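Novice: The structure that follows is given in the form of structure tokens.
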Amino acid sequence: MALFSRKTIVSLFCALALGSSIHALDFGGIFSNASKLYTNSWNPISLSQQDGLTAWIKCPLSADGKIYLAGEGTALFKFGADDITRLGEGSPSFHLDLGLLKMGYSLSIGDLLLEINAGRFFKSDGSGLIFSQTADGADLSFSGNIFSAGAFAFYTGLTNAHFVSMVSDAGVDEGSIYSFSSPYIVAGANVSFPYLFANQTVGAEFIAALGMKGIGSDNSGNNSFYATLLANGPIVTNLFYDFSTTLGFGDGVSNLTQLNLNFYPPVMNLSPSVSLGILYASGESGALKAFSGITSKAVSNAFSAADLSSVFKAGLSASVKPLDELFVGLGTGVLFDLTSDFAYSGFEWSLSAKYQIFTDLQVGLSLLQYYGADEYDNNSAMTLNVVLAF
């Protein structure tokens, strides 16, 4: 029998290196598999295979754990084939990523909670649609009963473009292990007032994205600015809304607006939900220019999905948990192109299920189809996901 367990050895190493308590050290790993079959016209049928191995660790640097160091690294194998009957012509690739390496600090000051994070970690704006990705930088936030406020600054040019997709990415060499992302300095500030009136929360956020010259690409002079108003809260019992509208400033003024209505029927043991979503991203129309964010966001399930720009989308979705271990979701959406006129783009539906077989093993299956006004946008796909934590 080994005198020391694997976790004890790693804990001792971390404690000696960082002066932390060995009792609170936490670490683990995740294996993930995504096997996807997809097609535009059913001949051919293509394959996308991804297998990832992620290791993570969290080391406390103070006795109370309020100062800590966290890290996460991923090795990802990809294989793609345009025709499953000709797998020998497929292309494999291998990528490495350091998706998390940050130091965190939290401090309670009366009713206020101060949180500071610095390093590489995931950051999202209030809408979740403009800047939502891993980057290198720092953020500071205050949260209390009356108001919450925060500020942040990040640099995007050192992250791996195989794992972070940005609107301005010129293209990624799939054969490379590590490809640097498009370089920007992204800074912002936000404030919100929780339960300001009638349990309504209102907030505002400002973001500036300043193009820089980085490794392999140059965004100098490509600057954009975003001012967002946000609101959310209950409408009536079991019915809630989430609203945001953004003015973008760059080569003119653009707008991004989203509204989600979420209803939670009082059905015991099923945890059902029904949602209506409306999304508008301006196109070239009158005084408005085409909206463009920072992080790339596919607006649909089309075969070659466009970024979130010049589109109006409305959709219904529903979910239910017939068992504690089983989640089932259904979604639909209709899209219109705002590039010139209000033109029909397509209709999509998706069905997904996730089953938690054991605490550390989850299996998921998803089906989707997109029927486009242009047949080249048609898409049918089936994806099998397996996640094993250890």
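The values are calculated or read from the model by the stated rules, or taken from the named source; none is laboratory data. All values derive from a computational prediction rather than experimental measurement. In this analysis, Cβ positions are derived from the backbone assuming ideal geometry, glycine residues included, and neighbour counts consider all displayed protein chains. Ligands, DNA and RNA are excluded from the accessible area calculation, which covers all protein heavy atoms including side chains. Shrake-Rupley method; radii C 1.70, N 1.55, O 1.52, S 1.80 Å.
Novice: Around Val334, under 14 Å between beta carbons, what's the net of Lys plus Arg minus Asp minus Glu among the other residues? Can you show the working numbers first?
Specialist: Values: positive: Lys313; negative: Asp337, Glu348, Asp377.
Spelling it out: positives minus negatives among the neighbours equals -2.
Novice: Please list, by residue number, everything in segment 163-201 whose backbone N is under 19 Å from a paramagnetic label point 7 Å out along Cα→Cβ of Ser304.
Specialist: Zone members listed by number: 166-174.
Novice: In straight Cα distance, which lysines are under 16 Å from Lys321, not counting same-chain residues fewer than 8 positions off?
Specialist: Hits, sequence-local ones excluded: Lys354.
Novice: Remind me, relative contact order of segment 155-260 in percent, using alpha carbon pairs under 8 angstrom and six or more residues apart? Each step should come with its number before you reach the end.
Specialist: Details: 223 pairs, mean separation 18.9, N = 106.
So the answer I get is 18 percent.
Novice: Then there is this: What percent do you get for the relative contact order of the chain when only Cα pairs under 8 Å and 6+ apart count? Don't skip to the end; give the middle numbers.
Specialist: Details: 1043 pairs, mean separation 42.0, N = 390.
Over the chain, the number comes to 11 percent.
Novice: Follow-up question, since we're still on this one. From the mean inverse distance of alpha carbon pairs (Kirkwood) and the Cα radius of gyration, derive Rg over Rh for segment 143-196. Please report the intermediate quantities before stating the final value.
Specialist: Numbers: Rg = 16.8 Å, Rh = 13.6 Å.
Result for segment 143-196 is an Rg/Rh of 1.24.
Novice: Over the Cα atoms of segment 282-381, Rg to Rh with Kirkwood Rh, two decimal places?
Specialist: 1.09
Novice: Let me ask something additional. Highest GNM mean-square fluctuation, the chain, Cα pairs closer than 10 Å: which of Thr332, Thr85, Thr134?
Specialist: Comparing Thr332, Thr85, Thr134 in the GNM, the peak value goes to Thr85.
Novice: Right, another one. What order do you get for 139-147, 313-321 when each peptide is scored by the mean count of other beta carbon atoms within 10 Å, highest first? Intermediate values should be presented prior to the final figure.
Specialist: On the way: 139-147: 14.2, 313-321: 16.8.
Highest to lowest by the protection proxy: 313-321, 139-147.
Novice: Most fluctuating residue of Val253, Val236, Val202 in a GNM of the chain with Cα springs under 10 Å: which is it?
Specialist: Of Val253, Val236, Val202, the Gaussian network model singles out Val236 as fluctuating most.
Novice: Return P(r) of segment 209-314 (all Cα-Cα pairs; 10 Å bins starting at 0; whole %; ordered from short to long distances).
Specialist: Answer for segment 209-314: a P(r) of 13, 33, 29, 17, 6, 1 percent.
Novice: At 7 Å along Cα-to-Cβ for each site, give me the label-to-label distance between Ala314 and Thr332 in nm.
Specialist: 1.2
Novice: Non-local amide H neighbours of Ala161 (under 5 Å, H modeled in plane, Pro and chain starts lacking H): which ones?
Specialist: Ser179, Phe180, Ser181
Novice: Another question, if that's okay. Simple spin-label model, 7 Å along Cα-to-Cβ: Tyr344 to Met268 in nm?
Specialist: 4.6
Novice: Continuing with the same structure: Mind giving me the nanometre distance, one decimal, between the label points for Phe193 and Asp83, set 7 Å out from Cα along Cα→Cβ?
Specialist: Using points 7 Å along Cα→Cβ, the separation is 6.4 nm.
Novice: Of Pro183, Pro92, Pro194, which is the most mobile in a GNM of the chain whose springs link Cα atoms less than 10 angstrom apart?
Specialist: So, out of Pro183, Pro92, Pro194, the one fluctuating most is Pro92.
Novice: Go ahead and run the numbers for FRET between Gln200 and Ile278, Cβ-Cβ distance against an R0 of 25 Å, rounding to 0.05. Show your work: numbers first, answer last.
Specialist: Values: r = 19 Å, r/R0 = 0.77.
With a Förster radius of 25 Å, E is 0.85.
Novice: Then there is this: Would you grab the residues whose amide H sits under 5 Å from the one on Glu284? Only those 5+ places off in sequence or on another chain, please, with H modelled 1.01 Å from N.
Specialist: Ala290
Novice: Work out, in µm²/s and without decimals, the Stokes-Einstein translational diffusion coefficient of segment 67-216 at 4 °C, 1.567 mPa s, Rh from Kirkwood over C-alpha pairs. Could the numbers behind the result be given before it?
Specialist: Working: Rh = 17.7 Å.
This corresponds to a translational diffusion coefficient of 73 µm²/s.
Novice: Then there is this: Placing +1 on the Cβ of each Lys and Arg and -1 on the Cβ of each Asp and Glu in the chain, which of Met103, Val386, Asn160 has its Cα farthest towards the positive end of the resulting dipole?
Specialist: Met103
Novice: Scanning the chain for GluC sites (Glu not before Pro) in DSSP loops with at most 16 other Cβ atoms within 10 Å, what's the longest stretch left with none?
Specialist: Numbers: sites that count: Glu174, Glu284, Glu325.
Of all site-free stretches, the longest is 1-173.
Novice: Give the long-range amide H neighbours of Leu308: residues separated by 5 or more places, or on another chain, with amide H under 5 Å away, using H modelled in the peptide plane at 1.01 Å from N.
Specialist: For Leu308, whose amide H was placed from the backbone, the distant partners under 5 Å are Lys297, Val299.
Novice: Using the structure shown, select from Lys66/Lys102; Lys102/Lys123; Lys78/Lys102; Lys66/Lys123; Lys102/Lys297 the pairs with a Cα to Cα distance greater than 18 angstrom.
Specialist: Values: Lys66/Lys102 13 Å; Lys102/Lys123 12 Å; Lys78/Lys102 27 Å; Lys66/Lys123 20 Å; Lys102/Lys297 25 Å.
With Cα atoms farther than 18 Å apart: Lys78/Lys102; Lys66/Lys123; Lys102/Lys297.
Novice: Another question, then. State in Å² the accessible area per residue of segment 232-390; use a 1.4 Å probe, count heavy atoms of protein chains only, and round to the nearest integer.
Specialist: On the way: 8680 Å² over 159 residues.
Ligands and nucleic acids excluded, the figure is 55 Å² per residue.
Novice: For segment 271-390, build the charge dipole from Cβ charges (+1 Lys, Arg; -1 Asp, Glu) around the Cα centre, then report which of Gln356, Ala287, Ala318 sits farthest towards its positive end.
Specialist: Selected residue: Gln356.
Novice: Let me ask something else about it. Can you give me the solvent accessible area of Phe336 with a 1.4 Å probe, rounded to the nearest 10 Å²?
Specialist: 50
Novice: Additional query: Could you work out the local net charge near Asp97, counting Lys and Arg as +1, Asp and Glu as -1, over the other residues with Cβ closer than 11 Å to its Cβ? Please report the intermediate quantities before stating the final value.
Specialist: Working: positive: Arg120; negative: Glu72.
Around Asp97, the surrounding residues sum to 0.
Novice: Below 8 Å, C-alpha to C-alpha, sequence gap of six or more: please give me the relative contact order for segment 28-177 in percent.
Specialist: Working: 312 pairs, mean separation 22.4, N = 150.
Across segment 28-177, relative contact order equals 15 percent.
Novice: Taking a probe of 1.4 angstrom, what is the accessible area of Val386 in Å², to the nearest 10?
Specialist: Counting only protein heavy atoms, Val386 exposes about 40 Å² to solvent.
Novice: Mean residue ellipticity at 222 nm from the helices of the chain, using -39,500 (n - 2.57) per DSSP H segment of n ≥ 4 over the full residue count, to the nearest 500 deg cm²/dmol? Present the calculation step by step, with values, prior to reporting the outcome.
Specialist: Working: 1 runs with 13 residues, N = 390.
The helix-only estimate for the chain comes to -1000 deg cm²/dmol at 222 nm.
Novice: Quickly rank 295-301, 352-358 as a protection proxy: mean count of other C-beta atoms within 10 Å, highest first.
Specialist: Details: 295-301: 19.4, 352-358: 14.1.
So the order, starting with the most tightly packed, is 295-301, 352-358.
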